[in-house]
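The values are calculated or read from the model by the stated rules, or taken from the named source; none is laboratory data. The structure displayed is predicted, hence computed values, not measured ones. Using ideal geometry, Cβ is built from the backbone for each residue, glycine included, and neighbour counts are taken over all protein chains shown.
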Amino acid sequence: MTALVSWLERQHSPVIDEDVLTRLLLRYGLGQGEQAAIRAFGRIVSTEQLAQALLERLNLVEQRADDGPIEPALRDFCRELARIPEWDFSPAWPARLAARWSECYLAGAVAEFPFITIEAFISLCQQQLFGERAMVYRLELDILNALVRLGWCLGGMLSDVVIEHEQAFRLSAEDGDPVLGIPNRRRFLTLLADRLDRITPGCQLGLVVLHVEWGRTADVLALDERDHLRLALSEVMRAVLRPSDILCALGDDEWAVILPDLHQPAQVTLAGHKLVDACEVLRGNNFPALRGRFCAGGGWAPEQAGDVFGLEKAARAALVVARASGRPFDVYGGEVVVRAEGDANFEMEVARALEAQQFQLYLQPQVELPSRRVVGAEALLRWPRADGRVVAPPDILRVVERIGLMPVLSRWVIQKAAQSLAAMAAAGCKLRVSVNVVAEDLNDPELPIFIRQTCDTWRVAASRLCFEITEGRLVSSEGISVRTLEALREGGGRLALDDFGTGYSSMDYLRRLPVDELKIDKSFVERITGTDNDRAIVELMVRIAHTFGLEVVAEGVETAATEAVLIEMGCNCAQGYFYAPAMPVDKFIAWCRASEQAVGVVSGQA
């Protein structure tokens, strides 16, 4: 806020000249007679005594050690107001009074303070004129009337000061960042358009967009600590730029720099690296406890774009590629163009595929150990593209989450899982199906209602559904997540903690979350036959889960040797290519029947 206040002080100091003063006096009826009456009053009073009495009336005499900037400003204003009797009706004194009030208002004084002060001053003047006398002379009434009119005149003038400042605050909020005192996005677009129009032959206009991704340590900062961090970053960036460069704030964690009059495009790359390096050094030296990553993208005009949004799009495309590649800076062109266009096209394809219901749900069996009896399946997303290309499910999920369609996909998966359960039940395969849910799903209080309605629609028991939650996805919104998990379990569904061991606080989650099942991530399972250490880690996980009364499912089982070790550990269930890959529902049903016959289990006993 300091930057904004100093800007307002420079740009909006009160201006009172002869014309303004004449209009004020005329508006409030302060003609020659009233002015003469006020001058007469000035000959019979002491302005110093009036000032002291006014400070006493407003309880501002005593100066305390804890006084902030507002109290001295209020005292100066009161002393200036008490000089009314000395006024020669030139613009100098009201201009000083308005300036004093401007200081008070910017320091935090309430807008009503001038009226409170003027009322107290008029009361003191009346006391000075009449005293305790019962009889009042006509001249004294004329003086008091003139002082009252002058009080209203000053009140109106000082109200105008407040209005001007309020308008300035509003304009600054529209065009500038109130904390950093630099142009915001609205002003950035105007400045960029102006600089594009002024490009001279042989010169380029550069643009760098810088973004910071903070770790969780920044999420717990107080607002003024966050403001201090943003201000420090803005100042260090400004220090490495040329005087003609324009730093703008596009958001809480994003800045843009307009680079006019460049002679070589390489200067954009130089500026981008200097900005990122300066921010990294500042974070390391001044905020070592914070974890964050700075990256930037750049572009230039007129070669890459000739308009505002084209140039910003080029810089942002480079920023996206830099973030994805892990590089601190990238510039638009070549690989960036190809990757940016490819990412944009892929996003549109995924959105269209979801809308057209082109995705499919495959089922990968989960078997009981050591019998290998089929007890359930995990629902996995597949996308059979027309061009035959295979897209990894994590790539699909990343895009769906990025474009805000995860709630739509999650509900589609739950509906398809319920439909699959109905088809399996009709074929005599009474198994359970596990589906993955994400943090965004767990923040939806209507999810349990939707699941109940879906199960009713397909006439399947909610107990046949198991909801898998990845540890890492619970970190950001755990308070809401636990309530939703409890509601899911109360509705009859099972809960599984997926990818156990890869999250942030595995043991704590086991203690507090209402889960029934623990899934050991395949990255641990596939190494248990390699070294004693890896085997000991998985064995410890199994023991911990059993201590909490949980079933254990091992993912990624691909060999008989791995299965044998898991059986020895007491692992309850397993899934992986050793048993079967994920497959469509009809093929899964056929596989289940064949598997049941192979292990001698009667269908329907699962």
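Rundown of residues vs (1) under 14 Å from Leu207 (Cα atoms); (2) at pLDDT 90 or above; (3) within 25 Å of the chain's Cα centre (by Cα); (4) not in a helix (DSSP H, G or I), yes/no style:
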residue: Ser234; (1), (2), (3), (4): no, yes, yes, no
residue: Arg242; (1), (2), (3), (4): yes, no, no, yes
residue: Cys248; (1), (2), (3), (4): yes, yes, yes, yes
residue: Pro260; (1), (2), (3), (4): yes, yes, no, yes
residue: Thr269; (1), (2), (3), (4): yes, yes, no, no
residue: Gly272; (1), (2), (3), (4): yes, yes, yes, no
residue: Asp277; (1), (2), (3), (4): no, yes, yes, no
residue: Glu280; (1), (2), (3), (4): no, yes, yes, no
residue: Arg283; (1), (2), (3), (4): no, no, yes, no
**Complete:** Scanning segment 360-372 residue by residue, those out of contact with any helix residue (DSSP H, G or I) (no Cβ under 6 Å at 6 or more places or on another chain), surrounded by 15 or more Cβ atoms within 10 Å (Cβ to Cβ) and either in a loop (DSSP other than H, G, I, E, B) or not acidic (Asp, Glu) (or both) turn out to be Tyr362, Gln364, Pro365, Gln366, Val367
**Prompt:** Among the listed residues Glu303, Glu254, which satisfies the condition of being under 21 Å from the mean Cα position of the chain (by Cα) and surrounded by fewer than 17 Cβ atoms within 10 Å (Cβ to Cβ)?
**Reply:** Glu254
**Complete:** Scanning segment 541-560 residue by residue, the ones that are without any contact (Cβ under 8 Å) to a residue 12 or more places away in the chain and over 21 Å from Leu495 (Cα atoms) total 0
**Selection from segment 378-392 of residues that are assigned to a strand (DSSP E or B) and either among the charged types (D, E, K, R) or over 38 Å from the mean Cα position of the chain (by Cα) (or both)** = Glu378, Arg382
**Prompt:** Has segment 440-463 got at least one residue that is in contact with an Asp or Glu (Cβ under 7 Å, 6 or more places away or on another chain) and hydroxyl-bearing (Ser, Thr, Tyr)?
**Reply:** no
**Asked** For segment 311-332, how many residues meet the condition of being charged (D, E, K, R) and part of a helix (DSSP H, G or I)?
**Response** 4
**Prompt:** Can you name every residue in segment 105-137 that is in a helix (DSSP H, G or I) and modelled with pLDDT under 85?
**Reply:** Tyr105, Leu106, Ala107
**Prompt:** Can you name the number of the only condition in (1) in contact with a Leu (Cβ under 9 Å, 6 or more places away or on another chain); (2) in a helix (DSSP H, G or I); (3) crowded, with 18+ Cβ neighbours inside 10 Å that Ala40 fails?
**Reply:** (3)
**Request:** Select from segment 43-71 the residues that are in a loop (DSSP other than H, G, I, E, B) and acidic (Asp, Glu) and write down the one among them that is modelled with the highest pLDDT.
**Result:** Glu62
**Request:** Search segment 573-590 for residues that are free of Cβ contacts under 8 Å to residues at least 60 places away in the same chain and pair each with any residue that is surrounded by fewer than 19 Cβ atoms within 10 Å (Cβ to Cβ) and of a type in the set (Ser, Thr, Tyr) when their beta-carbon atoms are under 7 Å apart and the residues are at least 6 apart or on different chains.
**Result:** Phe578/Thr559
**Message:** Looking for something among the β-branched types (Val, Ile, Thr) and more than 27 Å from the chain's Cα centre (by Cα) - is there at least one such residue anywhere in segment 312-321?
**Reply:** no
**Filtered residue count, segment 200-231, keeping only those that are surrounded by fewer than 17 Cβ atoms within 10 Å (Cβ to Cβ) and either over 19 Å from the mean Cα position of the chain (by Cα) or acidic (Asp, Glu) (or both)** = 8
**Prompt:** Looking at segment 303-310, is at least one residue modelled with pLDDT of 90 or more, assigned to a strand (DSSP E or B) and among the β-branched types (Val, Ile, Thr)?
**Reply:** no
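Each row is one residue, and each column tells you yes or no for (1) closer than 17 Å to Pro370 by Cβ; (2) in a helix (DSSP H, G or I); (3) touching a strand residue (DSSP E or B) at 6+ places or on another chain (Cβ under 9 Å).
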position: Arg511; (1), (2), (3): no, yes, no
position: Lys519; (1), (2), (3): no, no, yes
position: Arg527; (1), (2), (3): no, no, no
position: Ala536; (1), (2), (3): no, yes, no
position: Ala545; (1), (2), (3): no, yes, yes
position: Glu563; (1), (2), (3): yes, yes, yes
position: Cys571; (1), (2), (3): yes, no, yes
**Asked** What tally of residues in segment 75-92 results from selecting those that are crowded, with 22+ Cβ neighbours inside 10 Å and either of a type in the set (D, E, K, R) or farther than 18 Å from Leu24 by Cβ (or both)?
**Response** 3
**Request:** Mind counting the residues in segment 99-137 that are of a type in the set (A, V, I, L, M) and without any contact (Cβ under 8 Å) to a residue 12 or more places away in the chain?
**Result:** 4
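The rows are residues; the columns are (1) surrounded by 15 or more Cβ atoms within 10 Å (Cβ to Cβ); (2) modelled with pLDDT of 90 or more; (3) of a type in the set (Phe, Trp, Tyr).
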position: Ala554; (1), (2), (3): yes, yes, no
position: Leu566; (1), (2), (3): yes, yes, no
position: Phe578; (1), (2), (3): yes, yes, yes
position: Ile589; (1), (2), (3): yes, yes, no
position: Gly600; (1), (2), (3): no, no, no
